Amino acid sequence: MRKIIASNFKTTHTRAATRDYIATLDEFMQKSEYPWEVYIFPPATALDKHGVRSDIRIGAQNAYPTVKGSFTGEIGKEQLDEFGVDTLLVGHSERRHIMGETQEFIAQKFAWYKEHNFNIVYCIGEPLEVREAGEDAVRRYLVEQCEGIDTTYERLIMAYEPVWAIGTGRTATPDLIEKTHAVIKKLSDRPLLYGGSVKPENIAQILAVPGCDGALIGTASWDVSNMVSMLEISMKQKDDK
Ligand code: PGA
C-alpha cells in the first residue's frame, strides 16, 4: 500500500527559501530513511530539483495543457521539462473557486497531462453549503468533480479536500473523512489523500483513518520544522488499519 505526504506551498516561499526548505527536508529524508512518498509543490518560480539526493518529488501547482505557445502568464510542459518536473496538481479548490477553472477545462488539462504520462494529484472537495445540504448532495458534488476524469489512471493520486477545511483551521473529523473517503474509493481505486488544515496536532489521527493513504498539507507544512515533525509522526503510523 502506497503512503504519501504532499506539501502545497501555494503562493508562499521564494526560490531561495524553497532551496533552503528542500535542503533541510532532504537531510531529514536521508537520515531517517523516510519510507513514505513525499511530494513538494513549490510556486512556479521555485521549480527545480534543488539538488535533492533523497526521494523528494517536486511537482507543479499548475500548468497549461500545452507544450508551449501564446498563453500569457501560464507555463507549459516545455517549462516543466526543463526542471524534470513530471508531477502536477490538478483541480485544487483555489483554482476552481478563485481562478474560476471549470470542470470542463480541468478535465481537458487532466487528459492532456495524462497523455504525457504525468503523475497527477487530483483534488476534489465540497464547499460548506453542499456539506450542509447532506451526504447525498456531497456525493453528487464529488461525482460531478470526477466528470471527464480518468479515475483509473495509473499515475493518479486522488485528494479529498473539503473547501470549508482549507486554510480555515477547521479540520474534518476522522468519522467524516472515513465516510467521504469510502464514497470516493467507489469512484477511484487510486491512493487517496486527505487535505484541509492538517497539522502536527491532528495528523496522527487523520492518517489513522481507514481509507486514508496520506495527506496533502498547505499552511502547516510551510515551516520545514513543522513538516519534519509531521513526517516523524507519520513514520510511527501502524500499517494495520
Ligand atoms: P491547508 O491547505 O492545509 O492550508 O488547509 C490544504 C490545501 O489546500 O492543499
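Throughout, read-outs are computed from the coordinates displayed, never taken from laboratory work. Keep in mind that what you see is a predicted model, and the values were worked out from it rather than measured. All Cβ positions, glycine included, derive from the backbone under ideal geometry; neighbour counts span all protein chains shown.
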key: Distance in nm between pseudo-label sites at E147 and V183 (7 Å out along the Cβ direction from Cα)   = 1.6 nm
request  = Please report the relative contact order for the chain, taking Cα pairs under 8 Å with a sequence separation of at least 6, and give it as a percent rounded to a whole number.
outcome  = 18 percent
key: Stokes-Einstein D in µm²/s, Kirkwood radius over Cα pairs - region 93-209 at 25 °C with 0.890 mPa s viscosity   = 167 µm²/s
key: Ranked M99, M230, criterion: other C-beta atoms within 10 Å, fewest first   = M99, M230
key: With at most 15 other Cβ atoms within 10 Å, longest stretch of the chain clear of loop GluC sites (Glu not before Pro) (DSSP)   = 75-146
task = Calculate for the chain the 222 nm mean residue ellipticity that helices alone would give, adding -39,500 (n - 2.57) per DSSP H run of length 4 or more and normalising by residue count, nearest 500 deg cm²/dmol.
result = -10500 deg cm²/dmol
note = Taking a crude spin-label model, label points 7 Å out from Cα along the C-beta direction, the Q108 to T72 distance in nm is 1.9 nm
key: Top positive-direction residue, dipole computed over the chain with Cβ charges, set P42, Y160, L25   = L25
request  = When you have a sec, figure out the Kirkwood radius of the chain from all distinct Cα pair distances and drop it here in Å to one decimal?
outcome  = 18.0 Å
Where labels lie 7 Å past Cα in the beta-carbon direction, separation of E82 and E232 in nm = 3.8 nm
note = One would report the antiparallel percent of DSSP beta bridges in region 69-175, rounded to the nearest 5, as 0 percent
ask   = Rg to Rh for region 2-144: what is it, with Cα atoms only and Rh by Kirkwood?
value = 1.00
request  = With only alpha-carbon atoms counted, please give the Rg and Dmax of region 152-194, in Å.
outcome  = 11.2, 32
inquiry  = I'd like the distance separating the alpha-carbon centroids of region 186-235 and region 23-67, in whole Å.
reply    = 16 Å
remark   = In debye to the nearest 20, the charge dipole size for the chain, taken about the Cα centre with +1 at each Lys and Arg Cβ and -1 at each Asp and Glu Cβ, equals 180 debye
message = Restricting things to Cα coordinates, could you compute the convex hull volume per residue of region 174-215 in Å³?
response = 59 Å³
ask   = How many lysine pairs does region 4-235 hold where the Cα atoms are under 20 Å apart and the two sit 8 or more places apart or on different chains?
value = 11
inquiry  = Could you tell me how many cubic angstrom of Cα convex hull volume region 79-151 has per residue?
reply    = 91 Å³
